[in-house]
1. Run the reach check for residue 30 against lysines, Cα to Cα strictly under 20 Å, same-chain hits fewer than 8 apart removed. What comes back?
2. Suppose each label sits 7 Å from its Cα in the direction of the beta carbon; what would the residue 86-residue 28 distance come out to in nanometres?
3. Determine the relative contact order of region 25-141: mean sequence separation of Cα pairs under 8 Å and six or more apart, normalised by residue count, in whole percent.
4. Each residue of region 58-74 in order: what ³J(HN,Hα) in whole Hz does its phi give by Karplus 6.51 cos²θ - 1.76 cosθ + 1.60, θ = phi - 60°, with x for Gly and Pro?
5. Direction-averaged shadow area of the convex hull around the Cα atoms of region 25-141, nm²?
6. When ranked by the protection proxy of mean other Cβ atoms within 10 Å per residue, highest first, what sequence do the peptides 100-109, 62-71, 46-55 form?
Amino acid sequence: MAFMRRLPWLWLGILILCSGCATSTVETRKQEKYGVYSTLSTEQREMVDQGRIKVGMSSDAVYIAFGKPEEIVQEETQAGATTYWLYHGSNLREHRYWSYRSVRSGDRYYTEPYMATDYSLQPYVRAEVVFQDGLVKQWRSMPSPK
């Protein structure tokens, strides 16, 4: 009976957790920045819709196409101010190593070697966009490390 009284609270908790799970997509970012999106040229709108960018695009267009960068780096030189947007990614890296386990054989225990496997997340920068005067000067995507 006590469980039945807690059931509405359980559903409320699940609802709250799921409401924070909304992910940003090109469509949601287009709606968020519709004023900017509507002023883009037809070519730039088509590229943004496909999640692609090119030199000369504004930072708002890149935001709509790629999303919010994980890191923003700024520098200033004699040539002027430059801003770098870095997009991070990660992949699983397999690590194999020898380990030992106990094995029982009758009344005796002994250890035997075996090949164990672990996985760890390997972060990397998957894309870098360079802005000067608010426009893309250059950009590059990097492959996932093996």
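1. 54, 68
2. 2.5 nm
3. This gives 24 percent for region 25-141.
4. 7, 5, 5, 5, 5, 4, 5, 6, 9, x, 6, x, 6, 8, 10, 10, 10
5. Projected area, direction-averaged: 12.0 nm².
6. In descending order of packing, they fall as 62-71, 46-55, 100-109.
Where a number appears in this text, it was derived from the coordinates with a stated rule and is not lab data. Nothing here was measured: the structure is a model prediction, and the numbers come from that model. FYI the Cβ positions are ideal-geometry reconstructions off the backbone, even for glycines, and counts take in every protein chain you see.
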